[in-house]
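Before any comments, here is the structure.
The values are calculated or read from the model by the stated rules, or taken from the named source; none is laboratory data. Here the structure is a predicted model, which is why all the values come from computation and not from measurement. Glycine gets a Cβ as well: all are built from the backbone with ideal geometry, and neighbour counts include every protein chain shown.
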């Protein structure tokens, strides 16, 4: 009330002030009544944002396009389970399983042992799911032996970011107050992966509340700072830090992460992985703790674009409890990738990158020039970041309301997260709705910016993995297409491009219009068929 009077009081007489005070009190009473109504942690608002992509010059499909991705060079089936094969692709492991070189139970035990013995080095494990893993692996063995394998993921172990509920295990959201919080449901993604035969071996560590309380340091998780296996003095990225570390260290063949702004692309970059951020609405989020209800995307982190595609096919599709999944279609290139494509490079994003990141990008770009014409474009103008952060503030206030109001935030790891939920309360309903109204025009403009091109190339981060003792609040001012892409729900694919002088991974990012994951995967697979950077792995001693 004081703020309203300070702004408008000069216009009001005493009777009018009394009326306004009554309105404020009525709103407050309504708010109190609403707060007494229980809302499940996994229940989002009754609204859905639909990514914009109009007049697409590509084929559209209601069902996923059937990509024929030939095995990458050097991709022989795995025959022995040892440290040299811990970094094998899904395809290599799957063919080894089918050939009978090892069983799904042996494969699960192999990765469970690596998670137990090596996971603490990187602070990447929230919980081992041994009982579930061995049960799922035994079922996979029976199917495979009977010739009834469910597909390429049958019997393949994986890890899930610890904001995805898995029956019988804590779902911590990276937070100390939730360390013992067991949610007796399986999230949509966990259910879908089980239906595809994949074997859950671990819940993976993450930044507390997916970074929604404003963390500014690597040590912002109940499990310690996520560390890249390439240098344990450096951060693995967030908020899907454990997912990035675990795949990079050969502790799981693939992992599930989530992104609101940078939480798949950044760990993929810092850990030298292939990371796929899907179109908003492609993957159902029921049973996942939210950060931004109309911004969150769930996607895979893996070794190759082909691996990421197989995982995406398993987790994508309608989710009855997530309205955003009702609108997702698929699109693909009308022409084979061997014919000239039209590609663009985001000039400003690459120019501001570290020398090694930029140099390796230029080497990788030479490969993409084989696919067609490449021209430079400018970063799209507009208040993308302001609109995204306003929407995120309004949505995260609701997501973390109970934790903030109860004082549970004082148990968070990062000191700044103890108070990070208060400032967002200042975002009014009018400001929140205005940001949502601005979202449409901005996303139409962004779609127009991307429309002339099959894809746009840039770098996901300006730098390689930063030291864990560094306040990195300023490190994320460079997001390239992170702001527009996440606000507008468009997909992106991160691919490794080598190492810098310190042995740290460098990467590039491919963006395209909404619903175009197949386009990204075709490009990524063609690139990885001509390069070997996806085969790099850290030296673990």
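Take residue 133 and decide whether it is in contact with a strand residue (DSSP E or B) (Cβ under 9 Å, 6 or more places away or on another chain) and not in a helix (DSSP H, G or I). Here the answer is no, as residue 133 does not meet what is asked. Just one residue in the set 178, 169 is more than 26 Å from residue 405 (Cβ to Cβ), modelled with pLDDT of 95 or more and buried (at least 18 other Cβ atoms within 10 Å of the Cβ); that residue is 169.
Residue check: is residue 503 more than 23 Å from the chain's Cα centre (by Cα) and at positive phi? The answer is yes for residue 503. When residue 56 is tested against the conditions (1) exposed (fewer than 15 other Cβ atoms within 10 Å of the Cβ); (2) part of a loop (DSSP other than H, G, I, E, B); (3) modelled with pLDDT under 75, the lone failure is (1). How many residues are more than 23 Å from the chain's Cα centre (by Cα) and modelled with pLDDT of 90 or more if we restrict to segment 411-425? Result for segment 411-425: 1.
Here residue 469 fulfils each of the conditions (1) in a loop (DSSP other than H, G, I, E, B); (2) more than 22 Å from the chain's Cα centre (by Cα); (3) closer than 21 Å to residue 247 by Cα apart from (3). Restricting attention to segment 248-271, the residues that are out of contact with any strand residue (DSSP E or B) (no Cβ under 6 Å at 6 or more places or on another chain), under 18 Å from residue 315 (Cα atoms) and not in a loop (DSSP other than H, G, I, E, B) add up to 0.
Among the residues making up segment 340-370, those that are in contact with a helix residue (DSSP H, G or I) (Cβ under 9 Å, 6 or more places away or on another chain), more than 19 Å from residue 499 (Cα to Cα) and outside any helix (DSSP H, G or I) are 340, 341, 343, 344, 345.
Which residue, of 388, 276, 313, is touching a residue at least 60 places away in the same chain (Cβ under 8 Å), outside any strand (DSSP E or B) and within 22 Å of residue 210 (Cα to Cα)?
388
Any residue in segment 516-534 that is buried (at least 17 other Cβ atoms within 10 Å of the Cβ) and part of a loop (DSSP other than H, G, I, E, B)? Checked against the condition, which is being buried (at least 17 other Cβ atoms within 10 Å of the Cβ) and part of a loop (DSSP other than H, G, I, E, B), segment 516-534 yields at least one hit.
Residue 420: out of contact with any strand residue (DSSP E or B) (no Cβ under 7 Å at 6 or more places or on another chain), crowded, with 16+ Cβ neighbours inside 10 Å and not in a helix (DSSP H, G or I), yes or no? Spelling it out, residue 420 is indeed out of contact with any strand residue (DSSP E or B) (no Cβ under 7 Å at 6 or more places or on another chain), crowded, with 16+ Cβ neighbours inside 10 Å and not in a helix (DSSP H, G or I). Close Cβ contacts (under 8 Å, 6 or more residues apart or on different chains) running from residues in segment 127-142 that are in contact (Cβ under 8 Å) with a residue 60 or more places away in the chain to residues that are surrounded by fewer than 17 Cβ atoms within 10 Å (Cβ to Cβ) and part of a helix (DSSP H, G or I) comprise 128/116. Residues in segment 192-223 that are under 24 Å from residue 116 (Cβ atoms), in a loop (DSSP other than H, G, I, E, B) and in contact with a helix residue (DSSP H, G or I) (Cβ under 9 Å, 6 or more places away or on another chain): 9 in all. Tell me yes or no: at least one residue of segment 143-150 is surrounded by fewer than 24 Cβ atoms within 10 Å (Cβ to Cβ), touching a residue at least 40 places away in the same chain (Cβ under 8 Å) and part of a loop (DSSP other than H, G, I, E, B). Checked against the condition, which is being surrounded by fewer than 24 Cβ atoms within 10 Å (Cβ to Cβ), touching a residue at least 40 places away in the same chain (Cβ under 8 Å) and part of a loop (DSSP other than H, G, I, E, B), segment 143-150 yields at least one hit. Of the residues making up segment 469-503, those that are modelled with pLDDT of 95 or more and surrounded by fewer than 24 Cβ atoms within 10 Å (Cβ to Cβ) are 498, 499, 500, 501, 502, 503.
The residue that is nearest to residue 387 (Cα to Cα), among those in segment 424-433 that are assigned to a helix (DSSP H, G or I) and without any contact (Cβ under 8 Å) to a residue 40 or more places away in the chain, is 433.
The set of residues in segment 185-212 being free of Cβ contacts under 8 Å to residues at least 60 places away in the same chain and under 14 Å from the mean Cα position of the chain (by Cα) consists of 207 alone.
From the list 506, 490, the lone residue that is touching a strand residue (DSSP E or B) at 6+ places or on another chain (Cβ under 7 Å), part of a loop (DSSP other than H, G, I, E, B), touching a residue at least 12 places away in the same chain (Cβ under 8 Å) and within 20 Å of residue 347 (Cβ to Cβ) is 490.
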